[in-house]
Structures are given as structure tokens and as C-alpha cells.
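The values are calculated or read from the model by the stated rules, or taken from the named source; none is laboratory data. Quantities reported herein were computed from a predicted structural model and do not represent experimental measurements. Don't worry about glycine lacking a Cβ; one is built from the backbone with ideal geometry, like all the others, and counts go over all protein chains shown.
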Amino acid sequence: MTPHAHGATSSLWQTIHADLVHAGVHAVLDAPLGARTTYRVGGTGAVVAEVRSFEDLVLVSRIVRSHSLSDVLVVGNGSNMLVSDSGFDGLAIVLQSVGPNEVRLEDGGALVVSGHASLPQLARQSVSMKRCGLEWAVGVPGTAGGAVRMNAGGHGSDMAASITEVSVVDVLAGRFARVPVGDLGLRFRASALQGHHVVVSVRCATTECGVDEGRHAHHGRTCTEELAEIVRWRREHQPGGQNAGSVFVNPGSDAKSAGALIDASRLRGTRLRSAVVTEKHANFIQSDPDGLADDVLALMCVVQDAVQEEHGIRLRSEITLVGFDSELSSRFADDSDYFTEIERVPNAERAHAKLEGILARGDQT
């Protein structure tokens, strides 16, 4: 597929690109962006900058502010993102590294890891360090920072239950702050973090494994055994290939899971051009090699409409949609006013405002 040409040839993007390169940041005009996601489909970014250190992030933020730029997208592992075939007409900041790669064990048992670290790697390293509580994360693709932003979870736990504090940089404001878990607006598969926020480090609470490696109360497995069981379960029940994991958020404790609702609507195996609802798991939509992102989104619309018609439930999406028509994207937006007990606020807007206030009082980068 031929990459879509943006306003990347405009004087604005050329100037921003030149400023980034002059500052020593690796940046490319009209560079592949969809290819950096696990869907591996979609177009280019007007400018794609690779952040390889915290210092790079500070430089990028300064350049963003010097141009009063608002079209900024932060990309980690790309495991929860779908980029339109027309691409993203803005600056994509790809996080290669924002700090040390190692997992640090603090006094008191907390583990601290950089935001760019692999979540499965964090789970495995925590168990190897005889710390329990993060085994669930071994089957969740993506980075620790991205997992905080979407409150990733699985197997009975999530980031809201696992973290105590994160360090965040607001790229647009050039501010840095440590944010307690209660001020992140975490709720089911969502948070108050937005596209211009970069999670640079994550502090996770853990417990010490005993001589028997800390057996889980509910099923009697050790932490090592639990981690291995989760890996086995994921391989058995979830498909590989080009996808971004679960597409739709489970609607709530009183309803069936999103996958069960889709299955009950007889949509398993449904194909729309280069996209298909997988046979192995009804809440996964897979793209063919050299497929189109627009086909994936079109199939998402088909699934959403069918479930709403049959069950009266409007599914929202876990996937970040980039570069699509705003009317289409709004179909899947988070309009929930439900928050977990971590943060009892009436709506998402208030949570966003609270987080922005904390960052506005943070340190200048």
C-alpha cells in the first residue's frame, strides 16, 4: 500500500522536523506509523520522532511548545492503536526509551520501572525477584506506561490494583509531576491520561513471596505456576496474527462480556474485506497482511451495530483510533460516568481537569 502523503511537505512540518533534527532527536517526515502498531496497517505520520532518552523527551516538548503544537500523539508499543489509512497529520512521538531498562526494587517492596518497559517483562522480572502481585500482566502486550493510560488488566486484576504512583510528563505544557494512583482517574480500561501525557515511570505494589513462592489464596498455585498458567491460557484462547487484543470493553458486571455478546450475535468469523472477527475469540478483529485499517474500523462498526440491535448495549472500544473521521471515532468513545473506588468523581471531564491541575503545578521540564 502506498503511504499517504500528508501536509508533511508544508513549511510547518518541515520546520518542526528541522528543529528536531537540529536538537539531536531522530525524526522523519511522512514516516510509517501504522506499521509501528501490532495491527501493522495504516498510514504515515506527518512527523515521527523517536525518543531514546528522557532528555530527548524534554527537547521534543520544548519544540512542541515553541510552535504551539497541539497535534501530538504518543506511541509506545502500538499494541492498542489503529492508525487510519490516511495517516496522522501531526507529530507522533515514539517512545524507544525514557529511562533505565532495569526493574528497581525499593525498600518496602515496591517495584519501579520505566514507562517504556514491556509489561510481560515486568511480570516475569517481578516473579524472578520473588515479588508477587503482577503475574496477571504477563499476558498483556504493550508497555507499562501504555498499560497505565488504558488501565490494562486481566485475570482478575489491573493496573489500578497494582500501582501506587506514576511520573508523568505533559508534552504540551512541558511539566513533570508524580501522580498518585488516586489522581489518575482510573476506571475500567480507561484513565484521565490523554495523548500528550507520557508516563515515564511506574511504581507497583508487590508482596514478598514466601518459602513456597507465595501461594495464591484462591487456587493454590505459586506465583511462578500462576504466571505459567496465564501464558498457557492466553496461547490456547487468543489468536495471534495482526490484531490489537480485545477490541471492545466489557460493558459491566451485570452484562455478558463483550466477546460473549458478539458471539451471541452470531458474528464470530464475520469478514469484511481484509478484516475478520476471529474464530478463536469473538472480541478480536484481525487484519490480513497488507490489509486496510479502514476495513478494521468498518467491521468494528458492523459489530457495534449488531450488538446494540440485538442486546441493546452499545459497546465502546479499548483501541485508540488515530486519524479517523471524528464522527466515526466518537461512536466508540468513553462516555462512561463510572469510576472505580480509587476515584469517585462524577465524570471523565472532571478527572481530566484534576490531572491537568496537578501537572500544571509540576516541575518545568
Determine if the stretch 99-115 includes at least one residue that is under 30 Å from residue 329 (Cβ atoms), in contact with a Gly (Cβ under 8 Å, 6 or more places away or on another chain) and at pLDDT below 95. no
Being part of a loop (DSSP other than H, G, I, E, B) and surrounded by 21 or more Cβ atoms within 10 Å (Cβ to Cβ) is the requirement here; does residue 78 meet it? yes
Of the residues in the stretch 89-125 that are assigned to a loop (DSSP other than H, G, I, E, B) and among the aliphatic types (A, V, I, L, M), the one that is surrounded by the fewest Cβ atoms within 10 Å (Cβ to Cβ) is 110
Filter result for residue 61 (hydroxyl-bearing (Ser, Thr, Tyr) and either closer than 30 Å to residue 208 by Cβ or in a helix (DSSP H, G or I) (or both)): yes
In the stretch 126-169, what residues are assigned to a helix (DSSP H, G or I) and closer than 26 Å to residue 352 by Cβ? 137, 144, 145, 146, 147, 148, 149, 159, 160, 161, 162
From the options 297, 261, 315, 321, residue that is part of a helix (DSSP H, G or I) and under 27 Å from residue 195 (Cβ atoms): 297
Filter the stretch 27-49 down to residues that are without any contact (Cβ under 8 Å) to a residue 60 or more places away in the chain and in contact with a Leu (Cβ under 8 Å, 6 or more places away or on another chain) and give me whichever is surrounded by the most Cβ atoms within 10 Å (Cβ to Cβ). 45
What is the one condition in (1) under 26 Å from residue 284 (Cβ atoms); (2) at pLDDT 90 or above; (3) outside the structural domain of residue 245 (by TED's automatic domain parsing) that residue 356 does not satisfy? (1)
